[in-house]
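Participant: I have a structure here, written as structure tokens, and I will follow up with some questions on it.
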Amino acid sequence: MSKINDTLEKYLLPIASKLGSNKILISLRDGIIVAMPLIIIGSLFLVISGIAVPGWIEWLESKGIQPYLMKAVNGTFGLMGLVASFGVAHSIARQYNTDGVSAGIISMSAFLVVTPKVMTGGKTPEEAIPQMYMGSQGLFVALIVGIISGLIFQWFINRNIRIKMPDQVPPAVSKSFSAFL
């Protein structure tokens, strides 16, 4: 058994160490962790709405509770991709010592831009974003957008390519203008 452990430590430990310190993988982990409260709360509502006790679901429907439980499930799981996109970009920016909040907001905006939209068929068509693409169905795209937008943001900021404001401008306003580019 000792020989197996020695072999694993010799060959796999260096690979695991490199993977564990990869900034992209760290940001993916952190982005999902940011969305974890939504996953936990949504799971609780999903469990309550689907308990396999005879008559439970019928009782929830008869009292009018089931639609509210499903609205809570859709409201939490339906935002998972959007929140994860923010978390991934925020984590990448923080690892490169830049403003994570600005990077996260830019990532969320980019995710909304690339998300498919639907049009209503009325006289004046209205555009809407289906909630399903904000959640788990759009999670892969959200993670990719978070990585790309976070890397682009930190690249511009770390190379000092930004709009510079005079010293009299408050720091919060100056930060938002540096993220503008």
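Participant: Scan segment 22-39 residue by residue and report those that are among the polar types (S, T, N, Q) and either in a helix (DSSP H, G or I) or crowded, with 17+ Cβ neighbours inside 10 Å (or both).
Facilitator: Going through segment 22-39, the residues among the polar types (S, T, N, Q) turn out to be 22, 27.
Listed by number, the list holds a single entry, Ser27.
Participant: Would you mind finding the one in Ser91, Ser149, Ser85 that is farther than 24 Å from Ile40 by Cα, among the small types (Gly, Ala, Ser) and out of contact with any Pro (no Cβ under 7 Å at 6 or more places or on another chain)? Don't jump to the end; show me each part of the working.
Facilitator: Details: Ser91 fails: farther than 24 Å from Ile40 by Cα; Ser85 fails: farther than 24 Å from Ile40 by Cα.
Result of the check over Ser91, Ser149, Ser85: Ser149.
Participant: Looking at (1) over 13 Å from the mean Cα position of the chain (by Cα); (2) more than 24 Å from Phe153 (Cβ to Cβ); (3) open to solvent by 50 Å² or more (accessible area, probe 1.4 Å); (4) touching a residue at least 12 places away in the same chain (Cβ under 8 Å), find the lone condition where Leu13 falls short.
Facilitator: (4)
Participant: Any residue in segment 140-157 that's at positive phi and open to solvent by less than 30 Å² (accessible area, probe 1.4 Å): show its pairings with residues that are polar (S, T, N, Q) and at pLDDT below 95 at Cβ separation under 9 Å, as long as the two are six or more apart or on different chains.
Facilitator: Going by the 9 Å Cβ cut-off, there are no qualifying pairs.
Participant: Of the residues Lys164, Lys123, only one is of a type in the set (Lys, Arg), open to solvent by 80 Å² or more (accessible area, probe 1.4 Å) and in contact (Cβ under 8 Å) with a residue 12 or more places away in the chain; which? Please lay out each step first, then the result.
Facilitator: Working: Lys123 fails: in contact (Cβ under 8 Å) with a residue 12 or more places away in the chain.
It is Lys164.
Participant: Inspect segment 111-124 for any residue being part of a helix (DSSP H, G or I), more than 30 Å from Trp155 (Cα to Cα) and aliphatic (A, V, I, L, M) and give the result as yes or no.
Facilitator: Filtering segment 111-124 down to residues part of a helix (DSSP H, G or I) leaves 111-114.
After this cut, where a residue has to be more than 30 Å from Trp155 (Cα to Cα) as well, the list is none.
Looking for residues that are part of a helix (DSSP H, G or I), more than 30 Å from Trp155 (Cα to Cα) and aliphatic (A, V, I, L, M), one finds none in segment 111-124, hence no.
Participant: If you don't mind, there's one more thing I want to ask. Can you tell me which of Ala179, Ala142 is at pLDDT below 75 and either part of a helix (DSSP H, G or I) or over 21 Å from Phe86 (Cα atoms) (or both)? Even if it seems obvious, please write down each step before you answer.
Facilitator: Values: Ala142 fails: at pLDDT below 75.
From the options Ala179, Ala142, the qualifying one is Ala179.
Participant: Return the residues of segment 84-116 that are open to solvent by less than 40 Å² (accessible area, probe 1.4 Å) and either closer than 14 Å to Leu139 by Cβ or of a type in the set (D, E, K, R) (or both); say none if nothing qualifies.
Facilitator: Of all residues in segment 84-116, those open to solvent by less than 40 Å² (accessible area, probe 1.4 Å) come to 84-85, 87-89, 91-93, 98-100, 102-104, 107, 110-111, 115.
Once the filter is applied, which keeps residues that are open to solvent by less than 40 Å² (accessible area, probe 1.4 Å) and either closer than 14 Å to Leu139 by Cβ or of a type in the set (D, E, K, R) (or both), segment 84-116 yields Ala84, Ser85, Gly87, Val88, Asp99, Ser107, Phe111, Thr115.
Participant: Still on this structure: I'm checking my understanding of the structure. Among residues of segment 62-82 that are assigned to a loop (DSSP other than H, G, I, E, B) and within 30 Å of Ile33 (Cβ to Cβ), which one is least open to solvent (accessible area, probe 1.4 Å)? Reasoning before the result, please.
Facilitator: Residues of segment 62-82 assigned to a loop (DSSP other than H, G, I, E, B): 63-65, 78-79.
Cutting the leftovers down to within 30 Å of Ile33 (Cβ to Cβ) gives us 78-79.
On the way: Gly78: 7, Leu79: 70 Å².
Going through the qualifying residues, I end up with Gly78.
Participant: Something else: Please give the number of the condition Trp59 fails out of (1) surrounded by 15 or more Cβ atoms within 10 Å (Cβ to Cβ); (2) at pLDDT 90 or above.
Facilitator: Only one criterion is unmet by Trp59, namely (1).
Participant: Hey, Ala84 hits all of (1) without any contact (Cβ under 8 Å) to a residue 60 or more places away in the chain; (2) closer than 30 Å to Gln154 by Cα but one; which does it fall short on?
Facilitator: (1)
Participant: Kindly indicate the residue of segment 40-56 that is assigned to a helix (DSSP H, G or I) and exposed (fewer than 15 other Cβ atoms within 10 Å of the Cβ) and also modelled with the lowest pLDDT among those meeting that condition. Before you say what the answer is, go through the steps one by one.
Facilitator: Our first condition is that a residue be assigned to a helix (DSSP H, G or I); within segment 40-56, this holds for 40-49, 56.
Cutting the leftovers down to exposed (fewer than 15 other Cβ atoms within 10 Å of the Cβ) gives us 40, 43-44, 47, 56.
On the way: Ile40: 94, Ser43: 93, Leu44: 95, Val47: 93, Trp56: 90.
Going through the qualifying residues, I end up with Trp56.
Participant: Ala172 fails exactly one of the following numbered conditions: (1) surrounded by fewer than 20 Cβ atoms within 10 Å (Cβ to Cβ); (2) at pLDDT 75 or above. What is the number of that condition?
Facilitator: Going through (1) surrounded by fewer than 20 Cβ atoms within 10 Å (Cβ to Cβ); (2) at pLDDT 75 or above one by one, Ala172 breaks only (2).
The values are calculated or read from the model by the stated rules, or taken from the named source; none is laboratory data. The shown structure was predicted, so the numbers you read here are calculated from the model rather than taken from an experiment. Please note: Cβ atoms are built from the backbone with ideal geometry, for glycine as well, and neighbour counts cover all protein chains shown. Protein only, heavy atoms only, side chains kept; ligands, DNA and RNA dropped before computing areas. Shrake-Rupley method; radii C 1.70, N 1.55, O 1.52, S 1.80 Å.
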